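Asker: Let me give you the structure first, and then I'll get to my questions.
The values are calculated or read from the model by the stated rules, or taken from the named source; none is laboratory data. Keep in mind the model is a prediction, meaning the values are calculated, not measured. Glycine gets a Cβ as well: all are built from the backbone with ideal geometry, and neighbour counts include every protein chain shown. Surface areas here come from the heavy atoms of the whole protein model, side chains and all, with no ligands, DNA or RNA. Shrake-Rupley method; radii C 1.70, N 1.55, O 1.52, S 1.80 Å.
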Amino acid sequence: MSLPHLADPAGRYRTMRLIRSFEELALEWVRSGLVVGGTHPYIGQEAVAVGVCAALDPADQLTSTHRGHGHVLAKGADPGRLLAELLGRVGGLNGGRGGSMHAADFSLGILGANGIVGAGAPIAVGAAWAARRRGEPTVLASFFGDGALNQGVLLESLNLASIWRAPVVFVCENNGYATTLPAASAVGGSACGRAAAFGIPAETVDGMDVEAVRAAAERAVERARSGGGPSFLECLTYRFEAHHTMERRFRLSYRTAEEVASWRERDPLAAQPPGAAAIDLEVAELLSSAAGFALASAEPDPATATDHLYASGLRPRSGAAL
Ligand SMILES: Cc1ncc(C[n+]2csc(CCOP(=O)(O)OP(=O)(O)O)c2C)c(N)n1
Ligand SMILES: [Mg+2]
């Protein structure tokens, strides 16, 4: 059974709109100082998260990146609890301890956003291996950017997934840049060539087209679930906003206004299903109550500052500097 909220075009549009609106609100909250530390906006890349998650079952799992809000929401996380997580409040997905780059919800198979480039891939391979050993049909989707293509850990993960025939769909979100570094001047060979070197079937898809991503992801998920092993999707996409909200403090000129404008013309939200206006309204209402929930959630008690730092039963030595 696929994820019910992504089962039809209207649901996929609704979820892309939710991600877009969520990210716009998060930007506002960073600018007003409510969210401390900033975020990596996913605006422009919504079709990748939604297209891939539309091919997953509820019990399937994913690993995400530093730009993870879209993946987390597409798999079904509660937007109010994700907003509360950004605010560091106790009602957050992780009690406010993880923040933007570590949002997780294991109950939904979301094994976490991840601040370390490429670090989600070995977690996905390990989780896929563990699920297979338990006899479960779980498929893992592992999202990463073009910047991860030159991380050794990604190549090691591709190798292990290949020899173990692990049920993993590797999803490279090639948005053309790793921070300010163009992929064209950083990636030797190609994204798909890396997968092919390990005997993993790979294809490049239009990451601005949610249905194209979904179709490719369905093929890959079906292969993984039926024991055919891992697959690799390179989704060509673009982030419309800065690499990180802090970027606006600097006058960076690594992308031309023309380039950004030409990708904005391919906005994945431009293809609207019938009833889109009503869906937009419904999402606005959902987000407004999500924001209300997050803002009403309590700040954590300072006395709990060292909770979760140590394995159960261990505490810092009394008097030790925190
Ligand atoms: C191992 C590691 N090296 C460097 C960084 C700093 N860093 C954070 S995001 C980023 C760029 C990542 O680019 P990409 O993988 O293409 O993802 P995108 O930001 O484009 O979504 C870098 C270098 C990091 N977080 N982890
Ligand atoms: Mg990138």
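Asker: Checking Ala148 against (1) touching a helix residue (DSSP H, G or I) at 6+ places or on another chain (Cβ under 9 Å); (2) within 16 Å of ligand 2 (Cβ to nearest atom); (3) assigned to a helix (DSSP H, G or I); (4) more than 27 Å from Gly38 (Cα to Cα): exactly one of these is not met. Which one?
Answerer: Result: Ala148 passes all but (4).
Asker: Give the residues of the range 230-263 that are open to solvent by 30 Å² or more (accessible area, probe 1.4 Å) and aliphatic (A, V, I, L, M), sorted by residue number.
Answerer: Leu236, Met246, Leu252, Ala257, Ala261
Asker: Another question, if that's okay. Give just the number: which of (1) more than 15 Å from ligand 1 (Cβ to nearest atom); (2) open to solvent by less than 60 Å² (accessible area, probe 1.4 Å); (3) among the acidic types (Asp, Glu) does Glu282 not satisfy?
Answerer: Failing condition for Glu282: (2).
Asker: From Leu108, Leu140, Leu181, Leu155, grab the single residue that is hydrophobic (A, V, I, L, M, F, W, C), more than 30 Å from Ala305 (Cβ to Cβ), away from ligand 2 (no atom under 16 Å from the Cβ) and open to solvent by 20 Å² or more (accessible area, probe 1.4 Å).
Answerer: On the way: Leu108 fails: more than 30 Å from Ala305 (Cβ to Cβ); Leu140 fails: open to solvent by 20 Å² or more (accessible area, probe 1.4 Å); Leu181 fails: away from ligand 2 (no atom under 16 Å from the Cβ).
Just one listed residue meets the conditions, Leu155.
Asker: Hey, another quick one. What tally of residues in the range 116-135 results from selecting those that are closer than 15 Å to Leu62 by Cα and either surrounded by fewer than 16 Cβ atoms within 10 Å (Cβ to Cβ) or touching a strand residue (DSSP E or B) at 6+ places or on another chain (Cβ under 7 Å) (or both)?
Answerer: Residues flagged as closer than 15 Å to Leu62 by Cα and either surrounded by fewer than 16 Cβ atoms within 10 Å (Cβ to Cβ) or touching a strand residue (DSSP E or B) at 6+ places or on another chain (Cβ under 7 Å) (or both) within the range 116-135 amount to 9.
Asker: Could you please give the count of residues in the range 130-154 that are touching a Pro at 6+ places or on another chain (Cβ under 9 Å) and more than 14 Å from ligand 1 (Cβ to nearest atom)?
Answerer: Result for the range 130-154: 6.
Asker: Say whether the condition of being open to solvent by less than 20 Å² (accessible area, probe 1.4 Å) and touching a His at 6+ places or on another chain (Cβ under 8 Å) is met by at least one residue in the range 90-104.
Answerer: Yes, the range 90-104 contains a residue that is open to solvent by less than 20 Å² (accessible area, probe 1.4 Å) and touching a His at 6+ places or on another chain (Cβ under 8 Å).
Asker: Within the range 155-190, count every residue that is within 14 Å of ligand 1 (Cβ to nearest atom) and of a type in the set (Val, Ile, Thr).
Answerer: Final tally of qualifying residues: 4.
Asker: Of all the residues that make up the range 24-52, how many are in a helix (DSSP H, G or I) and either over 18 Å from Ala291 (Cβ atoms) or touching a residue at least 60 places away in the same chain (Cβ under 8 Å) (or both)? Step through it out loud before you land on a result.
Answerer: First, the residues of the range 24-52 that are in a helix (DSSP H, G or I): 24-31, 46-52.
Checking which are either over 18 Å from Ala291 (Cβ atoms) or touching a residue at least 60 places away in the same chain (Cβ under 8 Å) (or both) leaves us with 25-27, 30-31, 46-52.
Total meeting the criteria: 12.
Asker: Mind checking which helices (runs of 4 or more DSSP H) fall wholly inside the range 209-322 and carry at least 3 residues that are among the aliphatic types (A, V, I, L, M), within 23 Å of the chain's Cα centre (by Cα) and at pLDDT 95 or above?
Answerer: Details: elements: 210-225, 257-264, 276-296.
So the answer is 210-225, 276-296.
Asker: If you don't mind, another one. Considering only the range 153-167, I want to know if a residue exists there that is outside any helix (DSSP H, G or I), touching a residue at least 40 places away in the same chain (Cβ under 8 Å) and either within 29 Å of Ala84 (Cα to Cα) or of a type in the set (A, V, I, L, M, F, W, C) (or both). Give the derivation first.
Answerer: Of all residues in the range 153-167, those outside any helix (DSSP H, G or I) come to 165-167.
Then drop every residue that is not touching a residue at least 40 places away in the same chain (Cβ under 8 Å), which leaves 165-167.
With the extra rule that they be either within 29 Å of Ala84 (Cα to Cα) or of a type in the set (A, V, I, L, M, F, W, C) (or both), the set shrinks to 166.
The answer is yes, given that some residue of the range 153-167 is outside any helix (DSSP H, G or I), touching a residue at least 40 places away in the same chain (Cβ under 8 Å) and either within 29 Å of Ala84 (Cα to Cα) or of a type in the set (A, V, I, L, M, F, W, C) (or both).
Asker: Could you tell me whether the range 56-76 includes any residue that is open to solvent by 20 Å² or more (accessible area, probe 1.4 Å), touching a residue at least 12 places away in the same chain (Cβ under 8 Å) and not in a loop (DSSP other than H, G, I, E, B)? Spell out the reasoning first.
Answerer: Quick first cut of the range 56-76, residues open to solvent by 20 Å² or more (accessible area, probe 1.4 Å) only: 57-59, 61, 66, 76.
The next check asks that each one be touching a residue at least 12 places away in the same chain (Cβ under 8 Å); those that pass are 57-59, 61, 66, 76.
Retained after the next criterion (residues that are not in a loop (DSSP other than H, G, I, E, B)): 61.
The answer is yes; a qualifying residue exists.
Asker: Got at least one residue in the range 186-198 being part of a helix (DSSP H, G or I), crowded, with 19+ Cβ neighbours inside 10 Å and within 16 Å of ligand 2 (Cβ to nearest atom)? Working first, answer last.
Answerer: Just the residues of the range 186-198 that are part of a helix (DSSP H, G or I), to begin with: 191-197.
Among the residues that remain, those that are also crowded, with 19+ Cβ neighbours inside 10 Å are: 191, 194-195.
Now restrict to residues that are within 16 Å of ligand 2 (Cβ to nearest atom): 191, 194.
Yes, the range 186-198 contains at least one residue that is part of a helix (DSSP H, G or I), crowded, with 19+ Cβ neighbours inside 10 Å and within 16 Å of ligand 2 (Cβ to nearest atom).
Asker: Can we say Glu173 is open to solvent by 60 Å² or more (accessible area, probe 1.4 Å) and either part of a helix (DSSP H, G or I) or within 16 Å of ligand 2 (Cβ to nearest atom) (or both)? If you could, list the steps in order and put the result at the bottom.
Answerer: Values: open to solvent by 60 Å² or more (accessible area, probe 1.4 Å): no; either part of a helix (DSSP H, G or I) or within 16 Å of ligand 2 (Cβ to nearest atom) (or both): yes.
In short, no.
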